[in-house]
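Comments concern the structure below.
Rule-based calculations on the coordinates, nothing more; no lab input. Predicted model, so just to flag it, every value in this text is computed and none were measured. Cβ coordinates were reconstructed from backbone atoms using ideal geometry, including for glycine residues, and neighbour counts include every protein chain displayed.
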Amino acid sequence: MKRIVVLLMLAACFCGCDILLSTTGGSTLGSMSQTELGKAVKELLQVSADNSLAKLGVNNGFYQNNEVKIPFPPALKKVEDKLKQVGFTNQVNQFTEKLNRSAEDAASGVKEIFKTAITQMTINDALGIIMGNEDAATQYMRKTTTAAITSKVSSVVAKSNEKIKLASYWTPLANKYNTVMMLTGGAQVNTDLTQYVTEKAVEGIFKTMAKEEKVIRTKTSARTTSLLQRVFGGSSTSTSSGSSSGSTATKSGTSTTTSGGKVNSGSSSGSSTSGSGSTVIKKN
């Protein structure tokens, strides 16, 4: 019984590899060692993280990015509307800008947390990421670093809020709103701005990272290392006899290298064909 289970697991693995290889533009996953695969996934994570933080941890990285821009707290929408009605539109906009400045400061301070998580990754983690969805690497980082990143971001945001004197922008708005509510009998407002900015900043970091990961998985030009090109397909091509215009068809007894990877050969039934500089490998 155990033997049957093992065989089924192996069959599923091989089928999964075939599907993966055919959707990654021709990687050479089957010819790579586990160590190489692990290193490739770490590079995928590192490049995704570095690109994300480089985009977010700069002036206007959040504020002028509509996908992650931190808005006036949604729970305080009625506050925003009321303040604009009484002529505080500019102040509301200034306050929103300062919220994003805190997030930008925080994004530039979490690189080491990502680096530590990547270093601690296991081979099983790496294989799961390769066989996973287009955001599998990001989901791994979210699972392993959210607590540490949230703590770090919260600390940075608190200091940043103090540095940019966020309270000086928020307090007048809150006081003005509370005064209006006092006159009309409405509920007054108080909110933890550090917690709000922290949650939105962490959400923005992982959202941007998932986007960067997808780009690497789907666009050849984004695979900036030889290992990424070998796993997900690359643009560099090396040809030998039997290949033409960047495409390769293996024949019995021949071996051809293309797209930064090796095509295993030995028989025509186990050959691989590809086009436009990529190779698709099928298992016999």
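Miscellaneous remarks
- For the range 70-155, the fraction of alpha-carbon pairs lying more than 22 Å apart is 50 percent, rounded to a whole number.
- Per-selection Kirkwood Rh - the range 119-171 (Cα, Å, 1 d.p.): 13.5
- Global size of the range 32-232: 20.3, 72 Å for Rg and Dmax (C-alpha atoms, Rg to one decimal, Dmax whole).
- Listed values for the range 105-110 are Karplus-derived 3J(HN,Hα) couplings in whole Hz (6.51 cos²θ - 1.76 cosθ + 1.60, θ = phi - 60°), namely 4, 5, 4, 7, x, 10, and x replaces Gly and Pro.
- Among 59-67, 216-224, 93-101, the order from most to least packed when residues are scored by Cβ within 10 Å on average: 93-101, 216-224, 59-67
- Estimated vicinal HN-Hα couplings, Hz - the range 134-142 in sequence order (Karplus 6.51, -1.76, 1.60; Gly, Pro = x): 5, 10, 4, 5, 5, 5, 4, 5, 4
- Kirkwood's formula applied to the C-alpha pairs of the range 33-79 gives a hydrodynamic radius of 13.3 angstrom.
- Table column - 3J(HN,Hα) (Hz), the range 158-167, Karplus curve with 6.51, -1.76, 1.60, x for Gly and Pro: 4, 5, 5, 4, 6, 5, 8, 6, 4, 4
- For MET121, residues with placed amide H under 5 Å, excluding near neighbours: none
- Packing, taken as the mean count of other beta carbons within 10 Å per residue, orders the peptides 126-137, 164-175 from highest to lowest as 126-137, 164-175.
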